[in-house]
Amino acid sequence: MIREILISVLLLVGSLLVFLSGLGLLRFSDALCRSHALAKASTCGICLMLAALILALDNDISGLKIFLVMTFTLLTIPLAGHLTAQLVYRHEQGRLRKPASGQKKSAESKSSLPADR
Amino acid sequence: MKATTDSFLVRALIGLVFLLVNIVSVYLLLRGHNLPGGGFIGGLMTGMSFILLGLVRGWEELQRELPVPPLRLASFGLLLAMITGTAPMLFGRQFLTQYQLHLDYVPLIGEVHIGTPLLFDIGVFLLVSCITVKLVIVLARST
Amino acid sequence: MFAVILLPALAVPLVLALAPRLGQRVGYLVGAAPLGSAGLLAWLAASTGSQPRVILEIPWVPQLGVNLSFLIDGLSIFYGFVICVIGVLVCWYAAEYLGRKYAHARFYSCLLFFMTAMLGTVFSNNLLLLFVFWELTGVASFLLIGFFHESDESRRGARQALLVTAATGLCMLVGIILLGLSSGTYSLATLADGSLSDYKDGGWIAASCVLLLVGAFGKSAQFPFQFWLPGAMAAPTPVSAYLHSATMVKLGVFLTGRIFPIFHSLDLWFWLVCGVGFFTMLFGAFLALRSNDLKAILAYSTVSQLGFLIGAYGVGSKTGIQADTLHVLSHVLYKGSLFMTAGIVDHCTGLRDVRKLGGLGRYMPVTAFSAAIGVAALAGLPLTTGFISKELLLADLVDARAWVWFALVALSATLTVAFAARLFFNVFTGSKPEALSVHRPGWAIQTPPLLLALAALILGTFPGLLDGTLNAIKVAGLHGEEPIHLALWHGFNLEVLTTALIIVCGGGLYLLCQKSGWKRAEIPTFLRFDAAFERGLDGLSVFSKRLTLALRADWPPAYLPIVIFFLLVSLAGTVAVSSSRFFEGFSAIDISLSPLHTFVAVMIAASLVGVIVLRRWTTQLIALSVAGFFLTFYFVLYRAPDLAMTQILVESASVVMILLLLSRFPSSRLFRSEEKREAKGRIFRVILSGGVGLVMTGLVLFADRHSHPDPIGPKYLELSKPLAEGTNAVNTILVDFRGFDTLGEITVLLIATLGALGLMMRYKRGRAGNDPAPAPGFFLEKKRRP
Amino acid sequence: MMTSVVILTFALLAAASVLALVRVLIGPTIIDRIIAFDLVAISIVGMMVVLSVWWKTQLFIEIMLIFSLLGFVGTVAFVCYLHNDPTKLKRVGRKGTSKKEAQ
């Protein structure tokens, strides 16, 4: 019974995190933050769900395999995030807005990145 | 696609990813007969891993690193598949009859069940992976 | 039996080996092969007698009814002898004629290959086998006509000959199949004695008879197809002497003889065969009169004589043919010798235009003598076989009361006399134009024509010698029952009178033309069928080039919508036509949407809309791969892991390759002009794709309703464990049950890759500038230099 | 209890992928689209996890691995493609706005 609860908790939290990363993707103002959202939140979400899967399938071989999947996702998704972030950074160089010194300043500064239909 | 990403992080980790993917692809190949997997899938995964390597490290370097020219390996794969097909004809059986062998006390692994379809699958594996690699390398270097 | 046919072919490797060493003299050795065949044939004929006997019934393609079965009867023995004996003489003549510099090995191997094909055609009993050998002779004639492949004229002549004979050969094939289907058998022996009435549906018989005759007419250069024979004169003279006078063009006559017992009771037989035959005779004689080149005159005279031979088959259709083999024999003898003498004249003087020749008699008396006999036989003067065969034909015509054909034959005979006289007198007598340098031919080259001419003379004066053999080789269905009695003088009757008249008028016509200096002697343009044929061919290629350009085959975005549009129209059309049957099952579909499936379907649809809406290639590619991911998830929903894996791997591999391809174009600016043009076609394309989607869903639903009664899927699942000892049915099918398909697939994969590499390598070098022709099809390369 | 959790998780993941798809469609620059593409891949892997939890099968473990691999390969490919050709990054707007941007 505890296993059921644990699995459902893990699943819910994991999917919530993935959802949040999706939301972040939509809400954030420029590409750099979006890659930030992608890299962190979704990795953690997926790992939690995989942990839930390990618990759900209780034979140990598949557990090991899922652990392999987990390491793989832990390895690749941040790397992808890093790549995109680096690309954005290299492309924009100086034109990125400074970290918001004052609340006022960041509100009015529109996304400096040219939008692309 | 001449210069690739010059970020050190990706260059370092790609080796690990390459290794992981190839382990899984060989695993998929070997268990192909009973569980989802098989020659095509394994071959494609290995091909993808090489593409990944090429993307990150650059195609010329990949071309140099390849231990054996891919087309030769591909034709060897085809030859292997052909041999497993024609060998039974030597013993008077029909073309492409498959033999199964069931070993019980293999020292390390325990009970093993291998057969000529596995050889056939390995042939397919070699062919598919080498073809993907060769095509992508030539396509990339011809830009 | 096989030895007779295959002996020349077996000699080919021998010739190829010895030719380099023996050089010119290999011709004599080659002559041994037909001699051997002739000997074997004689022994075979002696042992079997001339009753038709089918030998060697070896099934080759039993399902189609094709078997290697050979028929020995009078007709085939006679033709076999003609082929072998003339073959020996031609080889001897060619040894002398072809000097040092020609490729003897290639020439003689083609010649021997031709002999085998001819013998095969003559002796084959199965019609389809006959067709195979028939086409082989066509190929051999193509090789031999085009022997001097440097000169454009011989190449054109060879191509023309091949095209015409092959086209008519196809008609013949259709005729054979029609005949085979309606009569149930392809073997000539059974067809010959079976009467026409008992075949199932008579309608087809007339059609197959016409088609077979078209094949025969094409091969024997009859009226509509006669233009290829003069074109074939570009071949070396031994070939012309052998193929285009003695043997190959006789195939049409032989075929008419073969199918005579089957079709002669048809009423159209008389009109068609006689009509085409005798009209060609007149037409050929007329053209011969108007042409100047020595070999062209002989070619057109051959066309007219072939008309004479084929017409002979039409005449005696009621009582059976009298002496068709005699007609063939006489034509072979004198036409062979005439061609060889023409060859000698050409060999010694290098000229073939009759107007520039003259007075050669003094330099080559032996050739002049044999040419004289040949010309006399051609004109049908007494004391030659030509006279006897013309007499017999005229006698047949008189018996059959066919006065129209009688007049036609008489007219063309007079024309023949005229140009025959021109052949002899203008070339061998009269004054020699000084510009002509003549060197005396050796005796060896002059003996083959002499032998033929002497044979024509002796058999002409003492026809009795032939009676025995002619009666021996009678074929039941073909020849009349009562024995033929040849005599020089049949008493004073109508034929002798007409012959005398013919000779007198012919002489008069010759003198008339001689006086007018043969000024009008060139073929009017509208009669030059071969020129029209060439123009037709060129027109065809121009049309096809223009068509591909019109369809813009090089710019896929332009022609793909058209192709899809027609696909749509045809599918929608079939659905509309059979709409009642198509939609009857649809009401029973239960539309229970499981939330999961609908969600994925919606997502796929949404991302595909994205592909349409987005502008740039890279963004479209991303949306496309998103759609691919969801599609793969669909397979996961249906619990098909293998399928999902393969699908996603292949898809992303292709995405990477497309990306590599995209990165080849310097920047999207290049596509500016293209995209402008694309924009306006966009709506049409969206509707089109919508239509295709609709039709596909319809088809899927239809297929779902009418699934196969006992699908094979479940069987594979059960058998997978016991037979292949593997629980994963997908893989056992791939590797074990249908291993052969997989083997085929991976071979195709390898070949396709090599092809792709070839293209890509070519393109790479192209850009390096040292490759003359850049990669075809890359519209970038052709239209705009980036 | 379990089914309701599965349904809820699925709904959340579906919402995540819808959001990602929206970003793919409207995303101003290509990089946003790449990120969104990656998130789509991840959400699909999530869905597969939920499915295999629900159906209690081990079949889909490899596919999850392959999906994450291919998500990564796709991203790397696009990034390398863009890396070599920065001109693609610029905004190619409608009606000539790109001219102004390009300076």
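For the range C:575-641, please list each of the helices (runs of 4 or more DSSP H) lying entirely inside it that holds at least 3 residues being over 23 Å from C:LEU699 (Cβ atoms), touching a helix residue (DSSP H, G or I) at 6+ places or on another chain (Cβ under 7 Å) and modelled with pLDDT of 80 or more.
Details: elements: C:579-583, C:595-613, C:617-637.
Because the criterion is at least 3 residues that are over 23 Å from C:LEU699 (Cβ atoms), touching a helix residue (DSSP H, G or I) at 6+ places or on another chain (Cβ under 7 Å) and modelled with pLDDT of 80 or more, the helices (runs of 4 or more DSSP H) in the range C:575-641 that meet it are C:595-613, C:617-637.
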Criterion violated by C:GLY698 - all others in (1) buried (at least 16 other Cβ atoms within 10 Å of the Cβ); (2) at pLDDT below 85; (3) within 14 Å of chain B (Cβ to nearest Cβ) satisfied: (3)
Within the range B:75-112, considering residues that are part of a strand (DSSP E or B) and not aliphatic (A, V, I, L, M), the one farthest from B:GLY32 (Cα to Cα): B:TYR105
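Please determine whether any residue of the range C:99-122 is of a type outside the set (Gly, Ala, Ser), in contact with a strand residue (DSSP E or B) (Cβ under 7 Å, 6 or more places away or on another chain) and in a helix (DSSP H, G or I).
Taking every residue of the range C:99-122 in turn, none turns out to be of a type outside the set (Gly, Ala, Ser), in contact with a strand residue (DSSP E or B) (Cβ under 7 Å, 6 or more places away or on another chain) and in a helix (DSSP H, G or I).
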Yes/no for C:VAL345 being within 31 Å of the chain's Cα centre (by Cα) and either surrounded by 19 or more Cβ atoms within 10 Å (Cβ to Cβ) or assigned to a helix (DSSP H, G or I) (or both): no
Residue identified as in contact (Cβ under 8 Å) with a residue 40 or more places away in the chain and under 55 Å from the mean Cα position of the chain (by Cα) among C:VAL575, C:VAL611: C:VAL575
Residue list for the range C:616-635, filter: at the interface with chain D (Cβ under 7 Å from one of its Cβ atoms) and without any contact (Cβ under 8 Å) to a residue 24 or more places away in the chain: C:THR619, C:ILE622, C:ALA623, C:VAL626, C:PHE629
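Just to check your reading of the model, which residue among C:VAL54, C:VAL30, C:VAL4 is in a helix (DSSP H, G or I) and at pLDDT 70 or above? Show your work before the answer.
Numbers: C:VAL54 fails: in a helix (DSSP H, G or I); C:VAL4 fails: at pLDDT 70 or above.
None of the others qualify; the one that does is C:VAL30.
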Qualifying positions in the range A:56-77 - touching a residue at least 12 places away in the same chain (Cβ under 8 Å) and surrounded by 18 or more Cβ atoms within 10 Å (Cβ to Cβ): A:ALA56, A:ILE66, A:VAL69, A:MET70, A:THR73, A:ILE77
Qualifying residue in the range C:265-287 (condition: within 25 Å of C:PHE107 (Cα to Cα), surrounded by fewer than 24 Cβ atoms within 10 Å (Cβ to Cβ) and in contact (Cβ under 8 Å) with a residue 60 or more places away in the chain): no
Tally, over the range D:33-75, of residues that are acidic (Asp, Glu) and facing chain A (nearest Cβ under 7 Å): 1
All positions within the range D:1-28 that are part of a helix (DSSP H, G or I) and either among the aromatic types (Phe, Trp, Tyr) or under 21 Å from A:ILE54 (Cα atoms) (or both): D:MET2, D:THR3, D:SER4, D:VAL5, D:VAL6, D:ILE7, D:LEU8, D:THR9, D:PHE10, D:LEU12, D:LEU13
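Give the residues of the range D:29-57 that are outside any helix (DSSP H, G or I) and of a type outside the set (Ser, Thr, Tyr), sorted by residue number. Even if it seems obvious, please write down each step before you answer.
Taking the range D:29-57 as the starting set, the residues that turn out to be outside any helix (DSSP H, G or I) are D:29, D:56-57.
D:LYS56 - this is the single residue of the range D:29-57 that is outside any helix (DSSP H, G or I) and of a type outside the set (Ser, Thr, Tyr).
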Of all residues in the range C:519-561 being surrounded by 13 or more Cβ atoms within 10 Å (Cβ to Cβ), of a type outside the set (D, E, K, R) and not in a helix (DSSP H, G or I), the one that is modelled with the highest pLDDT: C:LEU551
Tally, over the range C:55-87, of residues that are surrounded by 14 or more Cβ atoms within 10 Å (Cβ to Cβ), in contact (Cβ under 8 Å) with a residue 60 or more places away in the chain and either touching a helix residue (DSSP H, G or I) at 6+ places or on another chain (Cβ under 8 Å) or at positive phi (or both): 19
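Just checking, does the range C:428-435 include any residue being modelled with pLDDT of 80 or more, assigned by TED's automatic domain parsing to the domain that holds C:LEU326 and among the polar types (S, T, N, Q)? Write out each step before concluding.
Kept after step one, since they are modelled with pLDDT of 80 or more, are these residues of the range C:428-435: none.
Scanning the range C:428-435 turns up no residue that is modelled with pLDDT of 80 or more, assigned by TED's automatic domain parsing to the domain that holds C:LEU326 and among the polar types (S, T, N, Q).
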Residue satisfying all of: in the range B:4-15; out of contact with any Gly (no Cβ under 7 Å at 6 or more places or on another chain), in a loop (DSSP other than H, G, I, E, B) and not acidic (Asp, Glu); modelled with the highest pLDDT among these: B:SER7
Long-range neighbours under 6 Å by Cβ, at least six apart or interchain, first residue over 14 Å from C:ALA627 (Cβ atoms) and within 7 Å of another protein chain (Cβ to nearest Cβ) within the range D:13-32, second buried (at least 24 other Cβ atoms within 10 Å of the Cβ) and among the hydroxyl-bearing types (Ser, Thr, Tyr): D:LEU13/A:SER15; D:LEU13/D:SER43; D:ALA16/D:SER43; D:ILE31/A:THR84
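Table: residues versus (1) under 22 Å from the mean Cα position of the chain (by Cα); (2) of a type in the set (Val, Ile, Thr).
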| position | (1), (2) |
| --- | --- |
| B:HIS102 | no, no |
| B:TYR105 | no, no |
| B:ILE114 | yes, yes |
| B:LEU119 | yes, no |
| B:VAL124 | yes, yes |
| B:ILE131 | yes, yes |
| B:LYS134 | yes, no |
| B:VAL138 | yes, yes |
| B:SER142 | no, no |
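Answer yes or no: is there a residue in the range C:743-761 that is modelled with pLDDT under 80, at the interface with chain B (Cβ under 10 Å from one of its Cβ atoms) and over 30 Å from B:THR86 (Cβ atoms).
So the first thing to find is which residues in the range C:743-761 are modelled with pLDDT under 80, and the list is C:760-761.
Right, trim to at the interface with chain B (Cβ under 10 Å from one of its Cβ atoms) and you get C:760-761.
Checking the rest, the ones that are also over 30 Å from B:THR86 (Cβ atoms) come to C:760-761.
For the range C:743-761, residues modelled with pLDDT under 80, at the interface with chain B (Cβ under 10 Å from one of its Cβ atoms) and over 30 Å from B:THR86 (Cβ atoms): present.
Of the residues B:PHE95, B:PHE40, which single one is within 11 Å of chain C (Cβ to nearest Cβ), touching a residue at least 40 places away in the same chain (Cβ under 8 Å) and within 25 Å of C:ALA729 (Cβ to Cβ)?
Numbers: B:PHE95 fails: touching a residue at least 40 places away in the same chain (Cβ under 8 Å).
Sole residue among the options that is within 11 Å of chain C (Cβ to nearest Cβ), touching a residue at least 40 places away in the same chain (Cβ under 8 Å) and within 25 Å of C:ALA729 (Cβ to Cβ): B:PHE40.
Return yes or no: is A:LEU53 part of a helix (DSSP H, G or I) and surrounded by fewer than 23 Cβ atoms within 10 Å (Cβ to Cβ)? Break it down stepwise before answering.
Numbers: part of a helix (DSSP H, G or I): yes; surrounded by fewer than 23 Cβ atoms within 10 Å (Cβ to Cβ): no.
In short, no.
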Filtered residues of the range A:41-63 (kept if modelled with pLDDT under 90 and more than 10 Å from chain D (Cβ to nearest Cβ)): A:ASP60
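Within the range B:105-112, does at least one residue satisfy the condition of being over 30 Å from B:GLU60 (Cβ atoms) and within 13 Å of chain C (Cβ to nearest Cβ)?
From the range B:105-112, those over 30 Å from B:GLU60 (Cβ atoms) are B:105-112; that's our starting set.
With within 13 Å of chain C (Cβ to nearest Cβ) added as a condition, the list becomes B:112.
Yes, the range B:105-112 contains a residue that is over 30 Å from B:GLU60 (Cβ atoms) and within 13 Å of chain C (Cβ to nearest Cβ).
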Positions within the range B:31-74 being farther than 30 Å from C:LEU717 by Cβ, hydrophobic (A, V, I, L, M, F, W, C) and not in a helix (DSSP H, G or I), in sequence order: B:LEU66, B:VAL68
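If a residue counts only when it is within 23 Å of C:ASN67 (Cβ to Cβ), which helices (runs of 4 or more DSSP H) contained entirely in the range C:134-235 have at least 2 such residues?
Numbers: elements: C:152-183, C:188-193, C:202-219, C:228-231.
Helices (runs of 4 or more DSSP H) meeting the threshold: C:152-183, C:188-193, C:202-219.
The values are calculated or read from the model by the stated rules, or taken from the named source; none is laboratory data. The model shown is predicted, which means the values in this text are computed figures rather than measured ones. A quick note on method: Cβ atoms are made from the backbone with ideal geometry, for glycine too, and the neighbour counts reach across all protein chains shown.
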